[in-house]
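Below: one structure, written as C-alpha cells.
The values are calculated or read from the model by the stated rules, or taken from the named source; none is laboratory data. Computed from a prediction, not measured in an experiment: that's the story for all the values here. Note that each Cβ is placed from the backbone with ideal geometry, even for glycine, and that neighbours are counted across all protein chains shown. Surface accessibility is based on the protein's heavy atoms, side chains included, excluding ligands, DNA and RNA. Shrake-Rupley method; radii C 1.70, N 1.55, O 1.52, S 1.80 Å.
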Amino acid sequence: GETDVWSMFQDYAFMGDSRTVGLYVWNFLPQSRVFAESGATILWPRDHLEEVKALNPSILILCFGLNDVSIGIWPTPEEYASSYLNLLVWIEQEMPGVTIYVNSIFPAKDPAFEKSSAWYKIPDYNDALQQMCAENGYAFIDNSQLAEEHMELYEQDGIHFFKQMYDLWAANIMMVILGDEE
C-alpha cells in the first residue's frame, strides 16, 4: 500500500505565491492552511502572518521566489538571500517554536522567459538561498532535480504546474521534513 503523502501534513501552514495556491485549488490541502496569492513575494508574509499565527502551526513551509526574481527589488541573489534571512528571523520572533522550511524556487521554462528573462537566474538565487539556509540553520527543500525530471508537468505558460506535479512536490517536501525528524 502506498501512503497518501497529503495525509502526512499535520500541524502545518504554507505561505507562498500562485504556485502555492494550487495546493488548495487542486483540493490537496484545505485553504485554511494555505496562505498564498498570485504575485506574492517575500514581502507579502509581513501583512498576513497574523492569520498564520492564529493557527499556531509547528511547521511553516515557505514557497516564494518566482515573483521576487522578476520584479528586480533584489538585483543580486545575495541581496535576496539576505532579505529572506531577515524574513525568517522576523517570523521566528513572531512565532517562537515554529520550524520553518524554505522551498527552492522552481525554475521557469519556455515560453515564460518572454515574460521575464530574469528567470534564467533562478539557479543562482537558489544557490544563494541554499547557502543562507545552511549558514543559519534553516531547512532548505531543493526542488531543482524534481523540476528537471518533470518539465512535462508544467502548464503551457512555463510557470505553473499541472495537478500531477503537486504530488511529487509534496513528497519532496515530506522527505525533508521526515529526514529532519530522524
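Points worth noting:
- Yes/no for VAL52 being closer than 22 Å to PHE113 by Cβ and either aliphatic (A, V, I, L, M) or open to solvent by 10 Å² or more (accessible area, probe 1.4 Å) (or both): no
- In the stretch 36-58, the residues that are in a helix (DSSP H, G or I) reach residues that are of a type in the set (A, V, I, L, M) and open to solvent by less than 10 Å² (accessible area, probe 1.4 Å) with C-beta atoms within less than 6 angstrom, at least six apart or across chains, in these pairs: PRO45/MET15; VAL52/ALA13; LEU55/ALA13.
- Residue check, THR20 hydroxyl-bearing (Ser, Thr, Tyr) and in a loop (DSSP other than H, G, I, E, B): no
- Qualifying residue in the stretch 161-177 (condition: without any contact (Cβ under 8 Å) to a residue 60 or more places away in the chain and under 23 Å from ARG46 (Cα atoms)): no
- Checked against the criterion of being farther than 27 Å from PHE28 by Cβ, in contact with a Ser or Thr (Cβ under 9 Å, 6 or more places away or on another chain) and not basic (Lys, Arg), the candidates ILE73, ILE141 yield just one match: ILE73.
- Of all residues in the stretch 86-138, those satisfying the criterion of being open to solvent by 10 Å² or more (accessible area, probe 1.4 Å), farther than 23 Å from ASN172 by Cα and touching a residue at least 40 places away in the same chain (Cβ under 8 Å) are TRP90, GLU94, MET95, ASP110, PRO111, PHE113, LYS115, SER116, ALA118.
- For the stretch 174-181, the count of residues that are modelled with pLDDT of 95 or more, among the acidic types (Asp, Glu) and surrounded by fewer than 20 Cβ atoms within 10 Å (Cβ to Cβ) is zero.
- Condition met for PRO77 (over 18 Å from ALA13 (Cβ atoms), at pLDDT 95 or above and either hydroxyl-bearing (Ser, Thr, Tyr) or open to solvent by 30 Å² or more (accessible area, probe 1.4 Å) (or both)): no
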